[in-house]
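I have placed the structure first, in the form of structure tokens, so that the comments after it can refer back to it.
The values are calculated or read from the model by the stated rules, or taken from the named source; none is laboratory data. None of these values were measured; they are calculated from a predicted model. Quick reminder, even Gly has a Cβ in these numbers, built from the backbone with ideal geometry, and neighbours come from all protein chains shown.
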Amino acid sequence: MFENVVEDANAVSIPPEWIDPDALARSLPAPMVFVDLETTGGNALEDRITEIGVVEVGPHGIEQWSTLLDPAEPIPPFIQKLTGITNEMVRGQPSFDTLAQGLAERLHGKLFVAHNARFDYGFLKNEFRRAGIGFQADVLCTVRLSRLLFPSAARHGLDALIARFGLAPQGRHRALADADLLWQFWQKLHTLYTPDLIGQAVQRVTKRSSQPPQLPDEAIDALPASPGVYLFYGEGDTLLYVGKSVDVRARVRSHFSSDHQVAKDLRISQEIRRVEVRRTVGELGALLLESQLVKQLQPVHNRMLRRSASLYSWQLTQESDTPQLVSAKTVDFSGAESLYGTFSSRNGAESALRALADEHRLCCAQLGLEKVAKGRPCFGYQVKRCDGVCVGAAPLSEHTQRMREALATLRLETWPYDGPIAIQEHGDNDVEYHVIDRWQYLGSVASRDALDALVDNMPAATGFDPDIYRLLRRRLAALRAAQSTAPAPLTMLHLTRPAFRLSQVERPDAAPRKPRSVALLRRRQPRPEDPDQLRLPFDVR
Ligand SMILES: [Zn+2]
């Protein structure tokens, strides 16, 4: 793909054979800093910087800057030999700390260019963090740039570039000399390719600064690549955000990658100080825990899952021709018959019903949405959107029938079990039991024994939870359908997604002499097809 671009570009314009460095610097669309570091070793967390070299290039011209640093730790002999920087040379030199502020200003807002840039950028970020400065830059790695522009070349190390392009080293393995080689490489590119094409290549390999400045890269690397819930904390341990994923590490990374960056992620990236993870066995456990934590902890940047204070639904009993608005404060949504939809406000409930009326030519007066005197036409009748049940021009029974059909899609399913259930979810090696009662999530545990303990101390379900209802209704229906038609369990095993099994636990029928918990766990009489033996696909949204 890109190779074609290269050919096309060469076909239309011929780059110059010689470049004037000053003219090139002044023509750059944005200032750049070519950076090289010498260090006491290869570990950005433990080792320290001994020398910084910077070639700054931009509209103001070209400027070079370099300094030795006292790393406050000995330089291993082989590194002293490689760089020629000895312990004696760095003794008494400034510490990074004392230079940090000035260096941050020097680098600020410029494209950070380095060879194996991850190394230099990582070292600098860590040193800046120790100095209390959050450092962030767009990073261009010249190894990646070389690979992209010269795909047939086998080697892309600095020595290879020197040899291939006839660069003129002022020294080797010293910071400023190596930084200058990168600047020479950059000039050389402009004798081979047009600025347009180089610009495209730079776009392709530049890593936009999106890493949270106050969070070590290693903190994200250390996250598990498995299901769970992650919590982002900011200054003063404020909870910023709670999220879930089947691959926590990849999801957290994507929050801070330029590809997916949205305004909220940018703000979180600036504020985040640490990440906490609660592992789950699979996706369902992560969904349930996320829903629970968001409601409990009310993170600053979560909006969707917050539980609203009030909850409404339309109730339409068998005998009635007009739906009534009911509140979860007075009606048990998990057990009441003939409820349609859940809404967080009266207004929301009314506009949803009005939309249905429009779509299905229902009468707003008959629905109770419009106050008119009995026998007077509703607004819709006058604009021919109501068939006239309000003025007796259409039969009420037919209207009621259509109203029921229109509402059917919103119908709430009452809790289909005698009592709480545990959903058994299988992960790669573990199992988890999620306890649900009346569309309310009561907790998860890792073993049957712990399940006993949980049920022993289980709080009574206090109310219908619309999130849990949304998460589980179809999954549970799928489980029940599979149990009643009893397909051979093996036919479902080809699915590699996490499967879970349903265990039903019953309430005592009558005269519960035993403690409630023991009775709760008593199993039903096993059916010919033991539900425990059924493995079912995870119903992915
Ligand atoms: Zn009408």
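In the stretch 193-205, is there at least one residue being touching a Phe, Trp or Tyr at 6+ places or on another chain (Cβ under 9 Å) and hydroxyl-bearing (Ser, Thr, Tyr)?
No, because not a single residue in the stretch 193-205 is touching a Phe, Trp or Tyr at 6+ places or on another chain (Cβ under 9 Å) and hydroxyl-bearing (Ser, Thr, Tyr).
Filter the stretch 48-65 down to the residues that are assigned to a strand (DSSP E or B) and within 18 Å of TRP186 (Cβ to Cβ) and list them by number.
GLY53, VAL54, VAL55, GLU56, VAL57, GLY58, GLY61, ILE62, GLU63, GLN64, TRP65 - these are the residues of the stretch 48-65 that are assigned to a strand (DSSP E or B) and within 18 Å of TRP186 (Cβ to Cβ).
Suppose we keep only residues that are β-branched (Val, Ile, Thr) and within 12 Å of the ligand (Cβ to nearest atom) within the stretch 348-406. Which one would you say is surrounded by the fewest Cβ atoms within 10 Å (Cβ to Cβ)?
Ranking the candidates gives VAL383 first.
Do you know which residues across the stretch 267-285 are outside any loop (DSSP other than H, G, I, E, B), over 14 Å from the mean Cα position of the chain (by Cα) and of a type in the set (Gly, Ala, Ser)?
Of everything in the stretch 267-285, just one residue is outside any loop (DSSP other than H, G, I, E, B), over 14 Å from the mean Cα position of the chain (by Cα) and of a type in the set (Gly, Ala, Ser), namely GLY285.
Given the condition outside the structural domain of ARG470 (by TED's automatic domain parsing), within 12 Å of the ligand (Cβ to nearest atom) and at pLDDT 90 or above, answer yes or no: does some residue in the stretch 325-336 qualify?
no
Looking at the stretch 384-401, I want the residues that are within 15 Å of LEU316 (Cα to Cα) and have a partner that is outside any helix (DSSP H, G or I) and near the ligand (Cβ under 7 Å from one of its atoms) with Cβ atoms under 7 Å, at least 6 apart or on another chain. Which pairs are those?
Note: pairs meeting the criteria are HIS399/CYS363; HIS399/GLN366.
Tell me which residues, restricted to the stretch 249-264, are touching a helix residue (DSSP H, G or I) at 6+ places or on another chain (Cβ under 8 Å) and modelled with pLDDT of 80 or more.
ARG249, VAL252, ARG253, SER254, HIS255, PHE256
Going by what's in this entry, would GLY443 be described as in contact with a Lys or Arg (Cβ under 8 Å, 6 or more places away or on another chain) and either closer than 23 Å to LEU287 by Cα or among the charged types (D, E, K, R) (or both)?
It is false that GLY443 is in contact with a Lys or Arg (Cβ under 8 Å, 6 or more places away or on another chain) and either closer than 23 Å to LEU287 by Cα or among the charged types (D, E, K, R) (or both).
Find the helices (runs of 4 or more DSSP H) located wholly in the stretch 132-226 whose residues include 2 or more that are in contact with a strand residue (DSSP E or B) (Cβ under 6 Å, 6 or more places away or on another chain) and not polar (S, T, N, Q), and list them.
Here the list reads 175-192.
Do we have LEU148 as modelled with pLDDT of 95 or more and at negative phi here?
no
Condition first: among the aliphatic types (A, V, I, L, M), more than 19 Å from ALA365 (Cα to Cα) and touching a Leu at 6+ places or on another chain (Cβ under 7 Å). Now tell me which residues in the stretch 315-342 satisfy that.
ALA328, LEU339
When you scan the stretch 69-88, do you find a residue that is without any contact (Cβ under 8 Å) to a residue 24 or more places away in the chain and assigned to a strand (DSSP E or B), even just one?
no
Which one of these is without any contact (Cβ under 8 Å) to a residue 24 or more places away in the chain and among the β-branched types (Val, Ile, Thr): THR280, THR322, THR330?
Just a single option satisfies the conditions, and that option is THR330.
Just checking, does the stretch 286-306 include any residue being of a type in the set (Gly, Ala, Ser), touching a residue at least 12 places away in the same chain (Cβ under 8 Å) and in a helix (DSSP H, G or I)?
Looking for residues that are of a type in the set (Gly, Ala, Ser), touching a residue at least 12 places away in the same chain (Cβ under 8 Å) and in a helix (DSSP H, G or I), one finds at least one in the stretch 286-306, hence yes.
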